[in-house]
Every structure is written in structure tokens, then in C-alpha cells.
1. Of all residues in the stretch 269-306, how many are more than 20 Å from the chain's Cα centre (by Cα) and either of a type in the set (Phe, Trp, Tyr) or closer than 20 Å to MET331 by Cα (or both)?
2. Looking at VAL304, VAL259, can you tell me which residue is farther than 24 Å from LYS160 by Cβ and modelled with pLDDT under 95?
3. Does the stretch 268-289 contain any residue that is farther than 19 Å from ILE181 by Cβ and surrounded by 16 or more Cβ atoms within 10 Å (Cβ to Cβ)?
4. Do the conditions hold for ARG270, that is, is it assigned by TED's automatic domain parsing to the domain that holds GLU343 and of a type outside the set (Asp, Glu)?
5. Can you confirm whether the stretch 147-168 contains a residue that is outside the structural domain of ILE316 (by TED's automatic domain parsing) and at positive phi?
6. So is TYR281 more than 19 Å from SER53 (Cα to Cα), among the aromatic types (Phe, Trp, Tyr) and not in a helix (DSSP H, G or I) or not?
7. Take the residues in the stretch 50-73 that are modelled with pLDDT of 95 or more and in contact with a His (Cβ under 9 Å, 6 or more places away or on another chain); name whichever of them is surrounded by the most Cβ atoms within 10 Å (Cβ to Cβ).
8. Does the stretch 105-122 contain any residue that is modelled with pLDDT of 95 or more and in a helix (DSSP H, G or I)?
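The values are calculated or read from the model by the stated rules, or taken from the named source; none is laboratory data. Since the structure is predicted, the reported quantities are computational estimates derived from the model, not experimental observations. Every residue, glycine as well, gets a Cβ built from its backbone with ideal geometry; the counts of neighbours run over all protein chains shown.
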Amino acid sequence: MPRRWCKPTTAFAALVMILAIFSLYGFYMQEHYLGVSSAGRVEIHVLCAGSLSKIVSELAEAFRAEHPYVEIRISAHGSLECARLVKAGARCDLILVSDYKVIEDELAESYAPRSMKRYCEWWAVFARNEIVLALAPGNPAGLNEKNWYWKLADPNQVKKWGRANPDSDPCGYRTLIVFNICDAYYPEHRDEFPGYPEMGIIKTLYLSNPSNVFVAAKEFDLMVALQTGQIDAGWTYLSLAEQFGLPYIRLPGNVSLGVPYSEFNEWYSRFTITTESGRTYRGSSISYAASIPTTAENSYWATVFLRFILTKGASIMERNSQPPVYPPILMGDTASTPPQIREVCMEG
């Protein structure tokens, strides 16, 4: 029986169909596993603490120099608001917050059982900071380390001072914890700090609801108010005061929450604050953390970017007065951490 051969046109059509299938499969793999769009671009959506917005922008620019086809979409909020957005279903491939407890308590639900929703399973502590009292340009109120604690309470001395909202921004509740620590530390050192209020500053600057206080939703808003002279002073992070070129008053290390992770935590943890919403927060060394949510749409490139932050990004943080933690400290369900992240961290 003579052999039957396919017509060349039939064979060519079959080949074209096979190639088309492979091409579509390739696009599918790019879209769903590498996050590459049909236009050949990569998008990483980042939610970050307001105090990190400048640093994350610089990190993104440096990362794009190595990966020019990557677009990093940055949205800055108070860290607690970042967590709420993740829970509400906002697109987030990478989250960076100013307090690791935000991830642990709000997104990992403090190691919730597997049957419960976990938005994050692990997190890496990557940077530190400290609380300072930043001053408006020129320091119009004449504040210094020996008088701020009584001048802030006097509208005749300070027209307005600011702090962040403790229910949206960790700097807000950290400021109130610092007030509590001051009330324990300063009275024991009255010779160094004359005129410290007998009733303490937690009462004079918070519980009495003074009329000359400006409460900001996030730290960036506080910085703008300071730079424009709307307020005379504001409680913020050292890194932000430096980045905005503002003068500031530093506090003793056992007051500022700035002593590295393990050294003063027992002392800091003695102090708590309950906000108007009823949430109670305990003092701890300021520790920034990052994680890739379980709902991330582009976990591959989020992992690549986070590894860049934890390694090459350290110099950018130092340049912005944000001391990096090196090596970063891995916490939570560390077994679920991507190997690329785990190998540059130490377990805490």
C-alpha cells in the first residue's frame, strides 16, 4: 500500500498551531508566575509605612537600574492602615511596616491556626529607628532637652505641637509609650531635668486633651506641618527628621525606644498605653519588618525585590539615617519563607 503524506500546507498549519499553544502557555506562565504582563512589564505593588516612603522610592529606583522592565507601585500609609488595606483585599505584593507587631498581630493573627485566614506567615525585621522631638525650622519656640516637657503643655510657649494618630500609625502609640517612660525616668533625674511636671507628661500632654495638639494620620503629614511652620514641634522618627533636614531633640536611649532589638526590651516592655479605640500597646525596641502576603499576585518579583532590600538596600537605609538590622531577623512561620529570603536572614 503506498504511503500517504500530509500536504505541506497541512503540516505547516499544525506547526503554527503547536507554536501558538506554546506561546500562549509561555504568556500564561509569565502572567501568573513571574508577573510579566503581555506588554513585557513587571509590576510589584508595595504598601509601606509613611516613614519609609522616601527610602522605598530610592530602593525602587536602585532596583529598576538592575531590572529596567520592573514597575514598582508604592502606596504609603500608616502601618496599621497598610494592614487594614491588605485585609480589605487591596493589591499588595510586598508590605513594609514600622512595627513588626503589626504583621504579627494584624496579618499573621499571632500565629493563627491554619484553619484561620493568615495574610502573612513570616516576616523579616530589617531596620531600626528612635523617637525624637523634631522642631520647626529655626526652632521658634526655643525648645531644648531641658524645657520641652513643660513648654509643650503651655500654649503661650508653643502655639501647636504634633503627634501621629495611635490608631493608624505606630509612631502615634510609640509616642504615648515614650511619654509613659519619661514619667518613670525623668523624675528620678530631676537634677538633670528641672521643671518636670509633677503630674507627668502623659496627663499634661495626652489625657488632659490639650487644645494645642495636632494629630496627624501619618508621619509624612506631620513633617509637612513642621516644614511649613503650622506647628512648632512634632514627635517623629529620627530618620524622618534627618531626611527633612529638621532640627530635633534626642531623648535618652532608655526612653527613645531606640536601643537595638534585644538590649532594652525588658525595660521598654514595662510600659503600655491604651488608645481611645481601646487597643493596648506595649513598649518594645523600634523594629521595622517586611513580608510578602499570602494574597500577593506577584510573589516571585516581590521576593526578588525584598532580597534586594535586605542586602544591597542596607546602604540606602544608612544614607537615610535608618539603621539596618544585619543580618535581618526572620520571625513567624519561618519554614514557609522563600529560600532566597531565608538564606540572607537569621532566625529570631
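1. Of the residues in the stretch 269-306, 3 are more than 20 Å from the chain's Cα centre (by Cα) and either of a type in the set (Phe, Trp, Tyr) or closer than 20 Å to MET331 by Cα (or both).
2. Working: VAL304 fails: modelled with pLDDT under 95.
None of the other options fit; the residue is VAL259.
3. In the first step, residues of the stretch 268-289 are kept if they are farther than 19 Å from ILE181 by Cβ; the result is 276-278, 288-289.
Checking the rest, the ones that are also surrounded by 16 or more Cβ atoms within 10 Å (Cβ to Cβ) come to 288-289.
Yes, the stretch 268-289 contains at least one residue that is farther than 19 Å from ILE181 by Cβ and surrounded by 16 or more Cβ atoms within 10 Å (Cβ to Cβ).
4. Answer is no for this residue.
5. Taking every residue of the stretch 147-168 in turn, none turns out to be outside the structural domain of ILE316 (by TED's automatic domain parsing) and at positive phi.
6. yes
7. ILE72
8. yes
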